[in-house]
1. I want to verify the translational diffusion coefficient of the chain in µm²/s; compute it with Stokes-Einstein, Rh as the Kirkwood radius over Cα pairs, at 37 °C and 0.692 mPa s.
2. Which number do you get for Rg(Cα) / (2.2 N^0.38 Å) in the range 1-150?
3. What are the ³J(HN,Hα) couplings of the range 280-292, residue after residue, when phi is run through the Karplus curve with 6.51, -1.76, 1.60 and θ = phi - 60°? Round to Hz, x for glycine and proline.
4. Kirkwood hydrodynamic radius, the range 213-266, all distinct C-alpha pairs: what's the number in Å?
5. Could you list which residues have their amide H under 5 Å from that of T276, counting only those 5 or more apart in sequence or on another chain, with H placed in the peptide plane?
6. For the range 190-337, take the convex hull of the Cα atoms, compute a quarter of its surface area, and give me that in nm², please.
7. From the helices alone, meaning DSSP H stretches of at least four residues, give me the mean residue ellipticity at 222 nm for the chain, per-run term -39500 (n - 2.57), in deg cm²/dmol to the nearest 500.
8. Sorting check: for 294-303, 326-335, which peptide has the highest mean count of neighbouring beta carbons within 10 Å, and how do the rest follow?
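Taken together, the values in this text are just the output of simple stated rules run on the coordinates, not laboratory data. Computed from a predicted model, the values in this text were never measured in an experiment. Cβ placement follows ideal geometry from the backbone for every residue including glycine, while neighbour counts extend to all protein chains displayed.
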Amino acid sequence: MKALVCARPGSFEYRETADPAPQPGHTILRIKRVGICGTDLHAFEGTQPYFEYPRILGHELAAEIAQTNAPGFKPGEAVTIIPYFNCGHCIACLSRKPNCCVHLKVCGVHIDGGMVDYLSVPSSSLIHADGLGFDELALVEPLAIGAHGIRRADIQPGEFVLVIGAGPIGLGAMEFACIAGGKVIAMDVNKNRLAFCRTQLGVEHIVEEANINALEQLKDITGGNMPAVVVDATGNLAAINKGFEYLAHGGRYVLIGLQKGEISFSHPEFHKREGTLMSSRNAARADFETVMNALRRKLVDPLTYITHSVTIARVKDEFPNWLKPDSGVIKAMATVS
């Protein structure tokens with residue numbers, strides 16, 4: 001079968017590789033769609049932590065079952081997967097936090113992913129389509145990332161929630177913050193993405209991050225109190241460090257975005273707020289169920305996120321363009337078969 005391999009930073013290669021062999025407890029999938037994630041873009045740039053090359057990217061997947069013995073599933077059925085393969089016996093797994101398993105293997109990051117014709121995955125990772133189309137299924141995982149971060153934030157109705165970064169993860173965080181009853185404020189450097197937040201998501205409060213008056217805008221919006229919850233979905237070190245300034249007294253700061261550097265902030269400023277800082281890694285099955293329920297109820301329409309659609313044969317040529325801020329990309333989707 002064919003595979004698209006990120007051989008090293010800045011370089012893709014199409015290679016022939018062996019079809020996956022049947023294994024006990026595993027299901028072989030025929031990949032139909034692969035969503036292009038910020039993780040994939042960072043891997044291509046060479047800025048993604050926990051990463052080694054060469055690697056087959058792709059963890060936002062929609063597929064048909066080619067072969068399975070999993071109870072309740074059958075060949076030909078449309079599915080998506082939870083792409084975080086956990087050990088089941090470490091302290092995190094035993095604490096019902098398999099999303100941050102000590103020995104976690106994320107599909108397309110620690111192990112080869114879905115930019116292939118066929119992929120073998122643990123049968124425990126399968127999720128029924130429940131009538132969703134392939135494009136929708138491929139977007140369940142990034143929405144679950146946002147939903148998990150919002151669940152971590154424990155938003156109370158009426159709280160102001162600042163989401164920094166209006167890419168797909170940030171958009172998902174905004175959607176589920178709204179569903180939780182939060183008053184969402186969108187912040188980004190990209191005016192087009194902020195316009196998308198207003199027109200497509202109905203976000204009332206918009207702040208351009210590059211604006212020198214951003215802090216004053218946030219004070220005006222929140223009546224001087226600042227956001228009770230700040231969510232970073234950029235993975236940009238400067239944006240993450242700046243986010244500490246935006247936090248209300250008694251507030252929570254949730255880092256969904258990830259980068260390689262060290263965070264720096266004023267301890268006295270953070271301490272006097274009695275702020276809570278937390279990371280949000282991946283998502284749990286409960287978050288996938290939350291997303292599936294929201295999609296079934298039409299509370300979220302992820303298809304509006306898709307701005308670029310290509311065949312897998314075009315990904316190698318198109319991928320570098322998606323890194324450019326003026327590309328207009330929000331979510332790129334690759335069709336495999």
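1. Reported coefficient: 161 µm²/s.
2. 1.02
3. My calculation for the range 280-292 gives 9, 10, 6, 7, 9, 4, 4, 6, 4, 5, 4, 5, 4 Hz in order.
4. One over the average 1/r among Cα pairs gives 11.6 Å for the range 213-266.
5. For T276, whose amide H was placed from the backbone, the distant partners under 5 Å are G251, R252, Y253.
6. Its Cα hull, projected and averaged over all orientations, spans 11.4 nm².
7. One gets -8000 deg cm²/dmol as the mean residue ellipticity at 222 nm.
8. 326-335, 294-303
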